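To start, the structure itself, in structure tokens.
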Amino acid sequence: MFRNKYRYAFILMLSAYSLINILFVVGDKLFDFPIPPVALFFLLFIVVLGIWELNRFTQHLQEKIPSHISSRVHPLVVLFLVSQLNAMIASAAGLAFAYTMLGRDLTWNAEHYKLVVAFGFRVNLFLNCVNAIWYFMERYRSAELRAEQFKKASVEAQFEALRNQINPHFLFNCLNALSNLVYKDADTSARFIAQLSNVYRYLLYSQERKIVTLQEELDFIDSYLYLLKIRFGNNISIVKNIEIDMARFHIAPATLQMLIENAIKHNVVSGKAPLKINIESLNGSITVTNNLQEKKVKEPSAFVGLKNIMKRYEFLSDKPVEIKKTESSFFVTVPLVEVDPN
């Protein structure tokens, strides 16, 4: 609020209002001598201007304090306490200016200063109240904006996850694999259909959820991996090493599926060059790693899946999604959201 571009107009209006109020209540007898309205106005203007500008400077300094220190005390509390000193300084400056304007000696008068500083404290309290309202309105608007951004990112991510699975290529591959199985192995065909059903059921079930338990995500991945193994056989190898409480830790739905799909999309998967994917947990996060053997003819990609995952985790966790690429491997580390069951 103190940095508002119209602040000088507000300062003038508050000074004019204060002048009218004082003239109506005590007239020109604010001190033990008459003070002309013009001189009184400038006295009030200097006090209001001094408080406003000193508070603006204080607010600017607050922003430079490290967050781990400033978070211990609410910034509005710190600003109000410091602003009391600002009000005293501004009141002294205003009184000195009035003395000079009236041609009086700059001698200390405790009674005059008490009257001016009492006005300064009231003005300061009013400005801090308005600033607090402004602060919480900004926080509210920011929260609404972040919620809207999260909703948009979540919808995009859900769409991307469904698109990766329900597109004609995926259906064609699954049905083609199923058609080859039907006449060879009825039992495997039945399991294939059951796992395919599990994949679609999970995707539809998790559409409206921000997070799911890691256990739910991994159960879904088991069904998804079954379909991949039928399709690619030994050309793809996926190893899971999860050693954390899977019911307590949560993850954005279909995150692991998108990362696996991303690895398959951009890398060669063949008998001569099998794709190896590792999923492991470490320090409250989960990392998906694949050996790097990029296709010579690359599919068009805007990295929508990775961008959506990163965007969603800006709202779900303080830790970012980390992406690392070496000459031989590609790593994506996703922070897990810990939820206490109690």
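The values are calculated or read from the model by the stated rules, or taken from the named source; none is laboratory data. Everything quoted here is computed from the prediction, not taken from an experiment. Please note: Cβ atoms are built from the backbone with ideal geometry, for glycine as well, and neighbour counts cover all protein chains shown. Surface areas here come from the heavy atoms of the whole protein model, side chains and all, with no ligands, DNA or RNA. Shrake-Rupley method; radii C 1.70, N 1.55, O 1.52, S 1.80 Å.
Ligands, DNA and RNA excluded, the heavy atoms of PHE150 present near 20 Å² of accessible surface to a 1.4 Å solvent probe. Take ARG122: with every protein chain present and a 1.4 Å probe, its accessible area is about 150 Å². DSSP finds beta bridges in the chain, and of those with both partners inside it, around 80 percent are antiparallel. For the range 1-59, applying the loop criterion from DSSP together with a ceiling of 13 other beta carbons within 10 Å to the chymotrypsin sites (Phe, Trp or Tyr not before Pro) yields TYR6. TYR205 contributes about 130 Å² of solvent-accessible surface, heavy atoms of the protein only, 1.4 Å probe.
The relative contact order of the chain comes to 12 percent, based on Cα pairs under 8 Å that sit 6 or more residues apart. Along the chain, the longest continuous region that contains none of the GluC sites (Glu not before Pro) in a DSSP loop with at most 10 other C-beta atoms within 10 Å is 64-207.
What is the dipole size for the range 182-340, taken about its Cα centre, with +1 at each Lys and Arg Cβ and -1 at each Asp and Glu Cβ, in debye to the nearest 20?
760 debye
Candidates ILE20, ASN235, ALA110 compared by Cα position along the dipole of the chain: farthest toward the positive end lies ASN235, with charges placed on Cβ.
Shown here for the range 167-273: trypsin sites (Lys or Arg not before Pro) in loop regions (DSSP other than H, G, I, E, B) with at most 13 other Cβ atoms within 10 Å, namely LYS184, ARG209, LYS272. Model label sites at ARG201 and ARG7, defined 7 Å from Cα along the beta-carbon direction, differ in position by 6.2 nm. When the residues PHE330, PHE97 are ordered by accessible surface, computed with a 1.4 Å probe over the protein chains alone, the sequence from largest down reads PHE97, PHE330. Please state the shape class of the range 169-221: rounded when a/c is under 1.5, otherwise prolate if a/b exceeds b/c and oblate if not, all from the C-alpha gyration tensor. It comes out prolate by the Cα gyration axes.
A Cβ-based charge dipole, computed about the Cα centre of the chain with Lys and Arg at +1 and Asp and Glu at -1, lands at about 780 debye. Sorting ILE11, ILE211 on solvent-accessible area from highest to lowest, probe radius 1.4 Å, gives ILE211, ILE11.
Radius of gyration over Kirkwood radius for the chain, both on Cα atoms: the Rg/Rh ratio is 1.30. A Förster radius of 51 Å, combined with the Cβ-Cβ distance separating ILE89 from ASP245, puts the computed FRET efficiency at roughly 0.35.
Loop-located trypsin sites (Lys or Arg not before Pro) across the range 32-101 with a Cβ neighbour count of 12 or fewer within 10 Å are LYS64, ARG72, with loop assigned by DSSP. Taken about its Cα centre, the range 1-125 carries a charge dipole of roughly 460 debye when the Cβ of each Lys and Arg holds +1 and the Cβ of each Asp and Glu holds -1. On full extension, the segment bounded by LEU178 and ARG146 gains 7.1 nm, given 0.36 nm per residue less the C-alpha separation.
In the chain, helices alone account for a calculated mean residue ellipticity at 222 nm of -21500 deg cm²/dmol, with every DSSP H run of four or more residues adding -39,500 (n - 2.57).
The Cβ shell under 14 Å around GLN62 holds other residues with a net charge of +3, Lys and Arg each +1, Asp and Glu each -1.
Using the Cβ-Cβ distance between ASN235 and VAL77 with R0 set to 56 Å, the FRET efficiency works out to roughly 0.35.
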